[in-house]
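One structure is given here, and the rest of the page talks about it.
Values quoted throughout were computed directly from the atomic coordinates according to the rules given, and no laboratory measurement underlies them. All of these numbers come straight from a predicted model, not from anything done at the bench. Note that we place each Cβ from the backbone using ideal geometry, even for glycine, and neighbour counts take in every protein chain shown.
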Amino acid sequence: MGRTHAMTNLLETASLSHCELCPRRCGANRAAGARGVCGADDSLKIARAALHYWEEPPISGERGSGTIFFSACPLKCVYCQNHEISTGGFGIEVAPGRLVEIMLELQEQRAHNINLVTATHYAHLLPDAIGEARRRGLSIPIVYNTSGYEREEAVAELADLVDVWLVDYKYADADLGRALSHVVDYPETAARALSRMCAVVAARGGELVDADGMMQRGVIVRHLVLPGHTDDSCRVLDRIWDVAGDVPISVMNQYTPNERMRASGGELSRAVTEDEYEFVLDHADDVGFTQMFWQEGGAVDESFTPAFDTTGVLRSASAG
């Protein structure tokens, strides 16, 4: 009873008066309109809702993943490729009921799943929204697409609502997390969250993939290789193995320097080299991962970063 009570309090709307939804636990009075460190207040803000074809094959399939990009973000990654929405404030304020409609519209467009991208700071809205969407006929899996910087209590609270955890593991070095994402405890926090994700999937019966290869339940751990930081990437892979074992991993080379990074002139002003990427992939093989996704071709590809133009936020994306 105590565990249930504590987790219920975490995701209650009333908690916005002293917000502790993310591991920063900044205590902002979002209920009164103040903005947390994430940049969000008490309103729901969405930047894009549309089919996306460039996730991992078990997520995007042939028909696309129904991605909903939420505005703001608990992390402050200096190299963020989605900075317009993560820190730039771009997006449209909508009522929580509109989120329910968006999910149903994406299902009507034959999305394989509903892909909630960076919903950490809106987690308090998800139980009611997903529940109402299910009551109105939503039948496809819910994918929780996260930076990995999550409170394990929130993961447990969402356990029966989220089917697939598509989770980043960014850094093994806490100093690197502090320098690049402005959080002091990324590795430990991400490890606890990943461990809980694996546990809640196991409690529901373990990974489930349908006859078409689409993941219906499970965990995929992503890692973006950063130029000049392959040693940390290898340590990340070691950490994932220690925490989650032979979980499906996605090792990405799509790092694209933003304007700030190009101006910096440092290692992060360039793309990942082929040698760097191969070095990390070879290490993943050496560790023992048997389910691995990797990217071919150039790292800088606009297809990986969709146009944040409010598509689908106020009406169905298929409406043109």
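Extension gain for Trp294 to Phe279 (0.36 nm times residue separation, less C-alpha to C-alpha distance): 4.1 nm. When the Cα positions of Asn113, Ala211, Tyr53 are compared along the charge dipole of the chain, Asn113 comes out farthest toward the positive end, with charges on each C-beta of Lys, Arg, Asp and Glu.
Look at Asp185, Asp309 and count the other Cβ atoms within 10 Å of each Cβ; fewest to most, that gives Asp309, Asp185.
Residues in the stretch 188-198 carry Karplus couplings, in order, of 5, 5, 5, 5, 5, 5, 4, 4, 5, 4, 4 Hz; the curve used is 6.51 cos²θ - 1.76 cosθ + 1.60 with θ = phi - 60°, and Gly or Pro positions show x. Going by neighbour counts of Cβ atoms within 10 Å, the residues Phe279, Phe90 line up, fewest first, as Phe279, Phe90. One entry in [x] 19.0, 59; [y] 20.1, 66; [z] 18.5, 54 is Rg and Dmax of the Cα atoms in Å calculated from the shown coordinates; its label is [z]. Sorted fewest first by neighbouring Cβ atoms within 10 angstrom, Arg63, Arg24 come out as Arg63, Arg24.
Dipole size of the stretch 43-315 about its Cα centre, with +1 on Lys/Arg Cβ and -1 on Asp/Glu Cβ: approximately 1120 debye, rounded to the nearest 20.
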